[in-house]
Amino acid sequence: MKLCVINGPNLNLLGKREIHFYGELTLEQINELLLSEFPAIEFEFFQSNVEGEIVNKIQLLQKIADGLIINPGGYAHTSIVIKDALQELVIPKIEVHLSNLAAREEYRKNLLTASVCNGYISGFKEMSYIAAVFLLKNLIAKKGGEI
């Protein structure tokens, strides 16, 4: 099974930025956590601060990945083009957010991109990614994929 993990803008600053919201781990440490928790899964990790690069990556996934975990960062609230790319992607996909968006500013509660994913997880810091992998494994298995 191959899962792609896409991280959007400013997530390259994890470990330094607003630790009370996003946790102490860097993005690389989160990636290493996924690799150690799920050694049987092949992961591809991608991070970009550029909207178009994220769209390009999503468009490539149909043929190379069984599932997607995406943390679009601030683009979750604003990007119609990422939403459109996700809508065309028919593999299982879960959106994750490190912080609890329901407890944050009002504008963060509008999730354009999550509306075209199988679901979203918010508020569990790095554990959001762990939960997403668990759920994707089950979604893929129900579609007849391997675990």
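Some points to look at:
- If the condition is being under 14 Å from the mean Cα position of the chain (by Cα) and in contact (Cβ under 8 Å) with a residue 40 or more places away in the chain, then the range 51-65 contributes ILE54, LYS57, ILE58, LEU61, ALA65.
- Options ILE30, ILE82, ILE70; residue that is buried (at least 20 other Cβ atoms within 10 Å of the Cβ), over 12 Å from the mean Cα position of the chain (by Cα) and of a type in the set (A, V, I, L, M, F, W, C): ILE82
- Criterion applied to GLU95, GLU88 was being within 23 Å of LYS143 (Cα to Cα), in contact (Cβ under 8 Å) with a residue 12 or more places away in the chain and exposed (fewer than 15 other Cβ atoms within 10 Å of the Cβ), and the one residue passing it is GLU88.
- Residue match in the range 64-82 (condition: in contact with a Cys (Cβ under 6 Å, 6 or more places away or on another chain) and not in a helix (DSSP H, G or I)): yes
- Residue tally, condition part of a strand (DSSP E or B) and modelled with pLDDT under 80, over the range 93-107: 0
- Residue in the range 9-26 that is hydroxyl-bearing (Ser, Thr, Tyr), over 17 Å from PHE124 (Cα atoms) and either out of contact with any Asp or Glu (no Cβ under 6 Å at 6 or more places or on another chain) or at pLDDT below 95 (or both) present: no
- Residue in the range 124-136 that is part of a helix (DSSP H, G or I), modelled with pLDDT under 95 and not hydrophobic (A, V, I, L, M, F, W, C) present: no
The values are calculated or read from the model by the stated rules, or taken from the named source; none is laboratory data. In this text the structure is predicted, and so the values were computed from the model without any measurement. Note that each Cβ is placed from the backbone with ideal geometry, even for glycine, and that neighbours are counted across all protein chains shown.
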